Amino acid sequence: MKRIKKSKSPKELEKWKHEQQKKGLSCSYDNMERSVKNVVHNSLIKEQGSICCYTGIRISVDSSHIEHLKPQTICVGNEDVEYNNLLAAYPRPDPRNLVH
């Protein structure tokens, strides 16, 4: 596993969380807007030096996904959207295997 020095949470993520809370809506990862996920994904790849947090191989947006250090199934509150809980990992899931 790669040692990662976490940077500050992207302002787009913090703005989205604030707007959700202001509206009384859930701040869950599943409800996060695609544009915010894209900003977070790019930020994670940059802070990791384009290296997968687990395998150490070179990654890009096209070859990786956003991984939760603490699994979403046991996250409480807003933990699943906290930047410190997010990493970029190889591989990118095959879209044919995703449930819609």
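Points worth noting:
- Yes/no for Val36 being within 13 Å of Asn84 (Cα to Cα), under 12 Å from the mean Cα position of the chain (by Cα) and outside any loop (DSSP other than H, G, I, E, B): no
- Checking each residue in segment 51-73 for being of a type in the set (D, E, K, R) and closer than 13 Å to Arg92 by Cα picks out Arg58, Asp62, Glu67.
- Near pairs, Cβ below 7 angstrom, 6+ apart or cross-chain, from segment 25-37 (closer than 13 Å to Glu79 by Cα and without any contact (Cβ under 8 Å) to a residue 60 or more places away in the chain) to any residue that is of a type outside the set (Ser, Thr, Tyr) and open to solvent by 60 Å² or more (accessible area, probe 1.4 Å): Cys27/Gln21; Tyr29/Gln72
- For segment 60-81, taking the residues that are free of Cβ contacts under 8 Å to residues at least 40 places away in the same chain and in a loop (DSSP other than H, G, I, E, B), the one that is farthest from Leu25 (Cα to Cα) is identified as Ser60.
- Of all the residues in segment 1-17, those that are open to solvent by 30 Å² or more (accessible area, probe 1.4 Å), assigned to a helix (DSSP H, G or I) and within 20 Å of Gln72 (Cα to Cα) number 1.
- Filter pass, Lys23 being more than 14 Å from Arg92 (Cβ to Cβ), touching a strand residue (DSSP E or B) at 6+ places or on another chain (Cβ under 7 Å), open to solvent by 70 Å² or more (accessible area, probe 1.4 Å) and modelled with pLDDT under 95: no
- In segment 39-59, of all residues being in contact with a helix residue (DSSP H, G or I) (Cβ under 9 Å, 6 or more places away or on another chain) and assigned to a helix (DSSP H, G or I), the one that is nearest to Glu82 (Cα to Cα) corresponds to Val40.
- Residue that is surrounded by the most Cβ atoms within 10 Å (Cβ to Cβ), among those in segment 59-91 that are within 14 Å of Leu44 (Cα to Cα) and over 12 Å from the mean Cα position of the chain (by Cα): Ile59
The values are calculated or read from the model by the stated rules, or taken from the named source; none is laboratory data. None of the values given here were measured: they were computed from a predicted structure. So basically every Cβ, Gly included, is an ideal-geometry build from the backbone, and we count neighbours across all protein chains shown. Note: areas computed on protein heavy atoms with side chains; ligands, DNA, RNA excluded. Shrake-Rupley method; radii C 1.70, N 1.55, O 1.52, S 1.80 Å.
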